[in-house]
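The values are calculated or read from the model by the stated rules, or taken from the named source; none is laboratory data. Because the structure is predicted, anything quoted here is derived from the model rather than measured. Methodologically, a virtual Cβ is constructed for each residue, glycine included, from the backbone with ideal geometry; neighbour enumeration extends over all protein chains shown.
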Amino acid sequence: MTQKREAIIIGAGLVGSLWAVYLSKAGYNVTIYERRSDIRKAEISAGKSINLALSVRGWTALDAVGVGDEIRKIAIPMYGRMMHDISGKLTYQQYGEDGQAIYSVSRGKVNATMMDIAETHGNATIHYQTECLRVDLQNAIAYLRNTQTGENFEAKADVIFAADGAFSAVRYNSMQKLNRFQYSQNYIADGYREILLPALPDGAYAMDKNALHIWPRGRFMMIALANEDGSFTLTLFMPHEHHEFAFDKLNTKADVDRFFRTIFPDFHDLMPDIADKWDDHPLSNLAIIRCYPWAAGKVGLMGDAAHATVPFYGQGMNAGFEDCRVLNELMLKHNHDWDAIWAEYSPLRKPNGDALQDLSLDNYIEMRDLVADPSFLLRKKIEGKFSKMYPNKWLPLYSQVTFSNIPYSVAYEQGKKQRSIMDQIMAQPDIETNWDSPEVMQAILNECSTFNFQT
């Protein structure tokens, strides 16, 4: 009998857990080392961290190894955005086509489920409270420490995968020491704080559970995603400093109360005790991390360890899951020759990681400033009509990113071309009254003939 290949994964998060399933199905013995304790043994509260949005890329990667239905049990579909303006008026914008949805999942719940999946579907052994100190890149040796006993030990495999998050110990302690390794870490000016809006006394949801709720306020934005228990996890994004209502100015309950009464009055009506709950969750930062290459020797980076992004396109988890699917395709293509796999992996995935980061920053501005703008809404209406008429010539950028597996880098470039075309259309005289005329549709069609759209 042929001896099984051995694989080590550093990090039992979402990406590490899914990758364990792919590796097991490809014939590897999988051992995972996780710095944290087993979160399944702790009480996971909704609102512990930003809820995640699963979309087509994530489902494609999950379903490819038959575990998507396990996650569907804990996922809540969101068919569109619900905009809350300053006066409390609601405006609904459907995502994609009828029936298309992104899915709200609690990070804690989905991580616990993925760990179960890693053990049951991936036959993985997970060692908790084990910190990775560094790796020997050429010999695939992980140097580890049991954080409970203080014991240092090492583990060897045929290949090691670092799925240990944005502040990856493997990347920091080993890869960043390499000659000519490129690395950048950029914090945006805004931070975020989470708020848990409880279920109503009868257990019902206080808002529509099948929508992603957005309060766009220029320099401030709040979003809400539903949890299974009737509550909502809200995330407030705003400046750390240099504003009357920046995080550093909200130091008392009175400050917090005044802020919500002024900027989010309809939410204050829903949760009048918000000032009492303000400190339930910590203030957190938002960073974009870029590096290259994503692999060296017998070690590769996956997920946030390779391409951490800000959460404004809801694609961080989806991109990490897509890493698993693409890396599996390369593994099969090159018959487990990791030199050949890594040589193709970095150049193939890096442009998509960069594009997603650019898309995420652009979408922050859109969500924060534009979604309530009449001109922006008209633009979306025109795009929607043209896309229905000519689906092979125009898929809106949001749908390319969220409801397809078009590479992020291709979607980003196509989105720029579409924006240029729509800028010309929106500059036409009387576009507000003529927007759905045959002449406008023909003008877009003429412009589309100049580029090959990939669907």
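Restricting attention to the stretch 288-307, does a residue exist that is of a type in the set (Ser, Thr, Tyr), surrounded by fewer than 24 Cβ atoms within 10 Å (Cβ to Cβ) and either over 28 Å from Tyr103 (Cβ atoms) or in contact (Cβ under 8 Å) with a residue 60 or more places away in the chain (or both)?
yes
So, in the stretch 15-41, how many residues would count as being in a helix (DSSP H, G or I), more than 22 Å from His336 (Cα to Cα) and at pLDDT 95 or above?
Qualifying residue count, the stretch 15-41: 0.
Say whether the condition of being of a type in the set (Gly, Ala, Ser), closer than 29 Å to Leu23 by Cα, touching a helix residue (DSSP H, G or I) at 6+ places or on another chain (Cβ under 7 Å) and in a helix (DSSP H, G or I) is met by at least one residue in the stretch 342-361.
There is at least one residue in the stretch 342-361 that is of a type in the set (Gly, Ala, Ser), closer than 29 Å to Leu23 by Cα, touching a helix residue (DSSP H, G or I) at 6+ places or on another chain (Cβ under 7 Å) and in a helix (DSSP H, G or I).
May I ask you to say which residue of Ala112, Ala155, Ala142, Ala118 is touching a Cys at 6+ places or on another chain (Cβ under 8 Å) and either of a type outside the set (D, E, K, R) or in a strand (DSSP E or B) (or both)? Walk me through how you get there before you give the answer.
On the way: Ala112 fails: touching a Cys at 6+ places or on another chain (Cβ under 8 Å); Ala155 fails: touching a Cys at 6+ places or on another chain (Cβ under 8 Å); Ala118 fails: touching a Cys at 6+ places or on another chain (Cβ under 8 Å).
Every option except Ala142 fails the conditions.
Name the residue that is surrounded by the fewest Cβ atoms within 10 Å (Cβ to Cβ), counting only residues in the stretch 53-86 that are in a loop (DSSP other than H, G, I, E, B) and not hydrophobic (A, V, I, L, M, F, W, C).
The extreme case among them is Lys73.
Considering each of Gly230, Gly150, Gly165 in turn, give the residue that is of a type outside the set (Phe, Trp, Tyr) and not assigned by TED's automatic domain parsing to the domain that holds Leu14.
Working: Gly150 fails: not assigned by TED's automatic domain parsing to the domain that holds Leu14; Gly165 fails: not assigned by TED's automatic domain parsing to the domain that holds Leu14.
Result of the check over Gly230, Gly150, Gly165: Gly230.
Of the numbered conditions (1) of a type outside the set (Gly, Ala, Ser); (2) without any contact (Cβ under 8 Å) to a residue 60 or more places away in the chain; (3) in the same structural domain as Leu330 (by TED's automatic domain parsing), Tyr22 fails exactly one; give the number of that condition.
Tyr22 satisfies every listed condition except (2).
Looking only at residues in the stretch 96-109 that are assigned to a loop (DSSP other than H, G, I, E, B) and crowded, with 20+ Cβ neighbours inside 10 Å, which one is farthest from the chain's Cα centre (by Cα)? Outline the logic, then answer.
Filtering the stretch 96-109 down to residues assigned to a loop (DSSP other than H, G, I, E, B) leaves 96-101, 106.
So of that shortlist, the ones also crowded, with 20+ Cβ neighbours inside 10 Å come out as 96, 101, 106.
On the way: Gly96: 18, Ala101: 15, Ser106: 13 Å.
The selected residue is Gly96.
Exactly one condition in (1) of a type in the set (D, E, K, R); (2) out of contact with any Lys or Arg (no Cβ under 7 Å at 6 or more places or on another chain); (3) outside the structural domain of Ala308 (by TED's automatic domain parsing) is not met by Lys350; state its number.
The failed condition is (3).
At pLDDT below 95 and not hydroxyl-bearing (Ser, Thr, Tyr): which single residue out of Gln138, Gln93, Gln129 fits that description?
Only one candidate qualifies: Gln93.
Within the bounds of the stretch 308-326, is there any residue that is free of Cβ contacts under 8 Å to residues at least 24 places away in the same chain, in contact with a Lys or Arg (Cβ under 7 Å, 6 or more places away or on another chain), not in a loop (DSSP other than H, G, I, E, B) and not assigned by TED's automatic domain parsing to the domain that holds Pro216?
Of the residues in the stretch 308-326, the ones free of Cβ contacts under 8 Å to residues at least 24 places away in the same chain are 326.
Checking the rest, the ones that are also in contact with a Lys or Arg (Cβ under 7 Å, 6 or more places away or on another chain) come to 326.
Checking which are not in a loop (DSSP other than H, G, I, E, B) leaves us with 326.
In the following step, the residues that additionally are not assigned by TED's automatic domain parsing to the domain that holds Pro216 were identified as 326.
So far as the stretch 308-326 goes, yes, one or more of its residues are free of Cβ contacts under 8 Å to residues at least 24 places away in the same chain, in contact with a Lys or Arg (Cβ under 7 Å, 6 or more places away or on another chain), not in a loop (DSSP other than H, G, I, E, B) and not assigned by TED's automatic domain parsing to the domain that holds Pro216.
Checking Lys333 against (1) of a type outside the set (Gly, Ala, Ser); (2) within 16 Å of the chain's Cα centre (by Cα); (3) at pLDDT 90 or above, only one condition comes out false. Which one?
(2)
Only one residue in Lys249, Lys253, Lys298 is basic (Lys, Arg) and in contact with a strand residue (DSSP E or B) (Cβ under 6 Å, 6 or more places away or on another chain). Which one? Break it down stepwise before answering.
Details: Lys249 fails: in contact with a strand residue (DSSP E or B) (Cβ under 6 Å, 6 or more places away or on another chain); Lys253 fails: in contact with a strand residue (DSSP E or B) (Cβ under 6 Å, 6 or more places away or on another chain).
None of the other options fit; the residue is Lys298.
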